[in-house]
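A short worksheet on the structure shown next.
The values are calculated or read from the model by the stated rules, or taken from the named source; none is laboratory data. Here the structure is a predicted model, which is why all the values come from computation and not from measurement. Positions of Cβ are generated from backbone atoms using ideal geometry, with glycine treated the same way; all protein chains shown enter the neighbour counts. Protein only, heavy atoms only, side chains kept; ligands, DNA and RNA dropped before computing areas. Shrake-Rupley method; radii C 1.70, N 1.55, O 1.52, S 1.80 Å.
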Amino acid sequence: MNRRDFLTGCTALSAASVLHSHANLWAQQMADVTLTIAPLDLEIAPGKTVHTIAYNGSVPGPLIRWPEGEPITIDVLNQTDAPEIVHWHGLWIPSNVDGASEEGSPMIPPHGRLRYSFTPRPSGFRWYHTHTYAGHNLKRATYTGQFGCFYIDPKENAGSYDQEIFLALHDWNPYMSGGGDASMDVSYDFGSINGKMLGAGEPLRVKEGQRVLIHILNASATLTHWLACSGHEMQVLAMDGNPVPIRKNVQAVRLAPAERIDVVIEMKQPGVWVLGETRDDLRKAGMGVVVEYANQQGEPRWIAPPETLWDYTQFARSQKAAESDVRIPLVFRSKFTGHGDFDHWMINGKSFPKTDTIALQPGKRHRLVMQNESTDDHPIHLHRHTFEVTNLDGVPVSGLIKDVLVVKAKSTAEVDFTASNPGMTLFHCHQQSHMDFGFMMLFRYA
Amino acid sequence: MLPKTLLLRRKESSAFGVIFLLLCLLVLVRPLAAQDNYEIQVYGSDTVAPKTTMLELHSNFTVDGSKPLPGSVYTADGTYPTNHAEHETIEITQGLTNWSEVGFYIFTSSRSGQGIQWVGDHIRPRVRVPDSWHWPVGVSLSTEIGYQRRDFSTDTWTWEIRPIIDKQIGRWYFAVNPALERSFHGESVSQGVGFSPNAKISYDFTKVITGGLEYYASYGRLGDFDDLHNQQQQFFPAIDLNVSPNWEINFGVGVGPTAGTDHLIVKAIIGRRFDWSGHHERGSSLSTQ
């Protein structure tokens with residue numbers, strides 16, 4: 001049984017019951033937000049069109065901005081021929097509306113519809129995306145344009161700023177590549193920010209002296225991206241929507257799939273610049289956007305940042321975090337299936353859905369003690385909870401709150417979370433090709 | 001890569017008398033067939049990445065090869081024998097773009113009584129079908145031109161064009177190189193184009209160990225192949241060790257069952273990739289720009 005078989009079996013029943021119970025609601029009241037999932041020919045640059053699936057005919061989908069603590073209803077219409085589901089990433093919401101069928105959330109049948117009702121929390125930069133299985137079909141799941149930003153307005157904003165911008169990164173036309181010494185991986189023809197290749201979309205229009213708050217989401221299915229803004233420093237305010245304990249100015253930021261970052265850029269170098277991937281090949285493939293100062297013209301200029309290593313610890317406190325009540329060791333390994341195929345993945349020696357379902361003690365502080373014995377990095381994600389990063393490769397830290405963390409190849413990492421949101425809880429690598437081939441497990445509440 | 005035995009094949013089919021030809025074959029075929037034992041490798045379609053250099057050492061020892069004429073240090077065609085010769089070839093390949101590279105070869109030979117000798121040099125540009133074309137198989141095309149001393153080859157200036165097609169399916173790998181060769185200076189100039197296909201099939205036993213069979217042949221002049229007995233046919237059971245993306249290690253033992261082939265060769269390839277691009281692999285935590 002693979003993930004697809006598992007999903008088909010466990011969600012069919014719940015889908016039927018939930019859909020039935022929601023059917024009357026559609027007739028009774030309008031939803032706050034409606035998302036329509038449908039095929040889309042997206043022109044990412046003049047003459048370059050990708051055939052994808054998207055929300056409301058745009059990539060990214062509509063920005064959902066909602067006040068903290070207010071209930072929301074979202075209707076989702078699936079106008080495709082395949083079952084779909086929408087995951088509300090980073091929110092503390094119940095399992096049945098989280099949008100992961102492994103947890104028991106219902107699938108939306110082809111040409112069917114579903115209403116999600118929940119109270120979004122915590123505040124900050126969240127997002128929503130499809131949570132389906134792709135396997136070797138790279139035209140499905142997060143390889144498509146099914147993603148959008150979800151911002152839950154806090155009582156107080158994270159920082160003072162003059163302009164606010166949301167940027168969503170994505171890669172297009174995936175194909176299997178590699179082989180030789182390594183296993184297959186996913187490569188892409190094009191990259192885009194907010195659905196447009198570098199130079200093809202509207203520039204970010206700024207003024208000298210402005211402080212611009214930029215919320216950046218890496219919605220790529222598998223690629224980590226590095227971004228820099230041609231000589232402009234970026235002050236990191238928040239990661240995955242959660243304020244960082246120590247704000248730092250950096251030349252470049254790294255975002256693994258599903259990671260978000262909030263940065264402020266002081267616009268003090270008038271000109272026309274490129275905010276883009278630091279790696280030439282990816283930037284030339286489209287991963288970038290033009291930043292244009294008022295009254296400035298000319299070709300956008302790119303200035304490569306100095307060599308930068310990404311280190312989460314610079315944004316965290318160096319003090320040790322609080323002790324945990326329960327330690328859960330997790331060992332990540334790969335299973336080779338040939339240089340011409342994707343690796344399969346195991347957590348504690350087992351691939352999903354055969355992985356152990358570990359019981360959480362309600363109210364207790366749990367520590368995931370992760371040991372990545374593979375040669376790949378893994379952006380691990382815990383559903384319906386946020387966690388505190390407490391140790392990175394033997395270095396104790398505290399105060400850094402996230403819901404996605406890159407566990408580097410051949411390294412260790414520890415994160416703590418309190419079991420305060422009962423229900424089945426999914427844990428997985430956010431690389432689509434990893435989660436599809438076994439890198440998932442469930443926690444349940446005792 | 002030095003030319004295969006096409007040069008000889010053209011000779012064989014030229015207008016000599018049949019009896020004379022048969023006599024010649026006995027003494028000429030094997031020495032000439034051995035001249036390609038400098039770089040024994042079936043090419044894959046991939047090219048070296050831009051800003052990256054691949055440095056390879058090809059070490060080939062001919063256990064049972066051509067022998068000198070009695071009282072002479074040369075074989076019948078005036079070249080040095082290959083029997084118990086150690087051929088060391090340095091191959092330097094520089095990636096130019098995502099779809100092109102250029103390789104440079106330095107061929108050497110050492111044998112008891114002859115010391116270490118420079119044999120010649122070749123240059124080999126190569127282009128491939130870019131990934132963005134999404135072809136179902138990998139395809140590239142190399143062309144190789146170079147010089148080798150008369151002491152080691154009856155033809156001193158030669159040219160080769162080599163289509164390369166390969167495919168990896170799960171644990172299986174398939175590659176075929178239907179190469180064409182020609183002489184520009186030497187005894188085989190008038191012999192036209194020879195056909196020298198290579199092929200490889202291998203299986204990934206583990207992530208590190210891949211075992212397979214490599215096939216090297218030279219059929220003779222296009223449209224007028226030699227008979228099987230006089231064709232060059234070599235079979236190399238070989239192992240590739242995939243210890244790191246930066247290293248290439250290949251080892252094999254070749255058997256030549258026909259008269260036109262050196263009968264037993266041991267080969268090894270050790271390659272090291274040097275990345276000058278300033279950034280690491282995609283997805284790595286260390287990657288930057």
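For this structure, a couple of remarks:
- Entry note, chain A: relative contact order of 14 percent, from Cα contacts under 8 Å with a spacing of 6+ residues.
- Two-decimal log10 I(q)/I(0) for region A:102-215, as the Debye equation yields it once each C-alpha is a single scatterer, q = 0.14, 0.19 Å⁻¹: -0.88, -1.18
- Treating r as the C-beta distance of residue A:247 and residue B:112 and R0 as 45 Å, the FRET efficiency rounds to 0.05.
- Cα gyration tensor category, rounded, prolate or oblate, for region A:247-307 with a/c compared to 1.5: oblate
- Net charge dipole size for region A:178-256 [Lys, Arg +1 and Asp, Glu -1 on Cβ; Debye, nearest 20]: 440 debye
- Above-threshold pairs, the threshold being 29 Å between Cα atoms, out of A:284/B:207; A:354/B:200; A:248/B:51; A:408/B:167; A:284/A:408: A:284/B:207; A:354/B:200; A:248/B:51; A:408/B:167
- Part-to-part distance (alpha-carbon centres) for region B:52-94 and region A:370-403, which is given in Å: 56 Å
- Gain in span if fully extended, residue A:82 to residue A:335, counting 0.36 nm per residue against the direct Cα distance: 88.1 nm
- The distance separating the Cα centre of region A:406-446 from that of region B:148-171 comes to 51 Å.
- A Stokes-Einstein calculation at 10 °C with viscosity 1.306 mPa s, built on the Kirkwood radius of the protein assembly as shown over Cα pairs, returns a diffusion coefficient of 55 µm²/s.
- Accessible surface computed residue by residue for region A:21-177, with neighbouring protein chains in place and a 1.4 Å probe, gives 37 Å² per residue.
- Estimated from the Cβ-Cβ distance and a Förster radius of 22 angstrom, the FRET efficiency linking residue A:211 and residue A:313 is about 0.25.
- Charge tally for residue B:201 (other residues, Cβ to Cβ under 13 Å; Lys, Arg +1; Asp, Glu -1): -1.
- Förster radius 51 Å - calculated FRET efficiency between residue B:274 and residue B:64, Cβ distance, rounded to 0.05: 0.90
- Placing pseudo-labels 7 Å out from each Cα toward the beta carbon at residue B:57 and residue A:299 gives an inter-label distance of 4.6 nm.
- Spin-label model, residue B:246/residue B:159: points 7 Å from Cα along the beta carbon direction are separated by 4.0 nm.
- The modelled label-to-label distance between residue A:395 and residue B:169, using points 7 Å beyond Cα along the C-beta direction, is 4.8 nm.
- Full extension of the chain between residue A:323 and residue A:160 yields a length gain of 55.2 nm, computed as 0.36 nm times the residue separation minus the alpha carbon distance.
- Solvent-accessible area per residue, Å², over region A:202-253 with all protein chains present [probe radius 1.4 Å]: 30 Å²
- In the distance distribution for region A:177-313, Cα-Cα pairs more than 24 Å apart total 30 percent.
- Whole-angstrom gap from region B:180-194 to region A:97-133, using each part's C-alpha centre: 69 Å
- A/B buried area, accessible surface, summed, 1.4 Å probe, Å²: 2500 Å²
- Accessible-area composition of region A:369-423, carbon plus sulfur, in percent [1.4 Å probe]: 50 percent
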